[in-house]
1. Counting Lys +1, Arg +1, Asp -1, Glu -1, what net charge surrounds Leu124 among other residues with beta carbon under 14 Å of its beta carbon?
2. What are the semi-axes of the equivalent ellipsoid for segment 75-114, taken as the square roots of 5 times the Cα gyration tensor eigenvalues, largest first, in whole Å?
3. Let me make sure I get this right: for segment 69-141, a, b and c are the square roots of the gyration tensor eigenvalues over alpha carbons, sorted descending. Under 1.5 in a/c it's rounded, otherwise prolate if a/b > b/c, else oblate. Which is it?
4. Of the cross-linked pairs Lys65/Lys91; Lys65/Lys127; Lys91/Lys143; Lys65/Lys86; Lys91/Lys115, which ones have a Cα-Cα span greater than 20 Å in the structure shown?
5. For a footprinting-style exposure proxy, rank Arg82, Arg94, Arg142 by other Cβ within 10 Å, fewest first.
6. What does the charge count around Gly133 come to, taking other residues whose C-beta lies under 10 Å from its C-beta (Lys +1, Arg +1, Asp -1, Glu -1)?
7. Within 10 Å of each residue's Cβ, count the other Cβ atoms and sort Lys143, Lys127, Lys86, Lys137 from fewest upward.
8. Where does the charge balance sit around Gly111 when Lys and Arg score +1, Asp and Glu -1, over other residues with C-beta under 10 Å from its C-beta?
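No value in this document is a laboratory result; all are computed from the given coordinates. Because the structure is a prediction, the values reported are computed rather than measured. Here the Cβ is made from the backbone with ideal geometry for all residues, glycine too, and neighbour counts use every protein chain on show.
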Amino acid sequence: MKTANTQRNLRAFVLIASLIMALGGSILAHGQTKSERFDPDGAFWILGQPPSGFEDFGGINLNLKHDRHLPASGIDLTNGTRLRFKTLSAKRERITFTTTVVRGISYTFSGRFLKGGVFAAADLDDKTPVLEGTLTKYRAGRKVAEASLKFTYFGGT
């Protein structure tokens with residue numbers, strides 16, 4: 001009698017535990033939507049005309065997943081020079097970076113994303129800012145330009 005009750009209790013426990021695990025997994029799987037996932041990989045261009053001192057600035061490239069279809073992470077200048085990131089922190093709430101020095105030029109940036117989600121899957125245009133912050137340009141280690149800017153997104157073709 002005691003063995004039958006123990007087996008019944010064990011079966012009931014296993015069934016309840018299985019249901020809890022199945023429901024928990026289902027809630028987790030359905031709880032995370034595409035809009036909650038954050039993936040800003042792509043290019044960011046200054047909204048409008050570049051301010052004085054940034055005429056040679058091409059854009060910021062983020063390629064956090066190292067996707068071979070996107071340019072490598074860094075800053076592109078209009079003369080074709082790419083400055084790779086020396087430091088980079090890109091989270092939903094904040095983005096900061098410093099670049100390497102190329103021909104005496106380097107940049108720092110501190111800002112924030114204005115939206116979340118997967119940027120490549122979003123319907124973004126070239127007039128809607130998705131990133132804002134302070135971009136600073138250095139020549140030979142000395143600050144030569146600084147501006148508070150807004151950036152639009154381009155995910156590639």
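1. Working: positive: Lys115, Lys127, Lys150; negative: Asp39, Asp41, Asp123, Asp125, Asp126.
After counting each charged neighbour, the total is -2.
2. Numbers: eigenvalues 92, 22, 10 Å².
The equivalent ellipsoid of segment 75-114 has semi-axes of 21, 10, 7 Å.
3. Numbers: a/c = 2.09, a/b = 1.65, b/c = 1.27.
Prolate is the answer for segment 69-141, as a/c is 1.5 or above and a/b outweighs b/c.
4. Details: Lys65/Lys91 14 Å; Lys65/Lys127 26 Å; Lys91/Lys143 26 Å; Lys65/Lys86 17 Å; Lys91/Lys115 11 Å.
Pairs exceeding 20 Å: Lys65/Lys127; Lys91/Lys143.
5. Details: Arg82 16, Arg94 12, Arg142 8.
By the 10 Å Cβ count, ascending: Arg142, Arg94, Arg82.
6. Details: positive: Arg94, Arg112, Lys150; negative: Glu132.
Every neighbour counted, the sum reads +2.
7. Values: Lys143 11, Lys127 8, Lys86 14, Lys137 20.
Fewest-to-most ranking of Lys143, Lys127, Lys86, Lys137: Lys127, Lys143, Lys86, Lys137.
8. Values: positive: Arg94, Arg112, Lys150; negative: Glu132.
Taking every Cβ under 10 Å from that of Gly111, the sum is +2.
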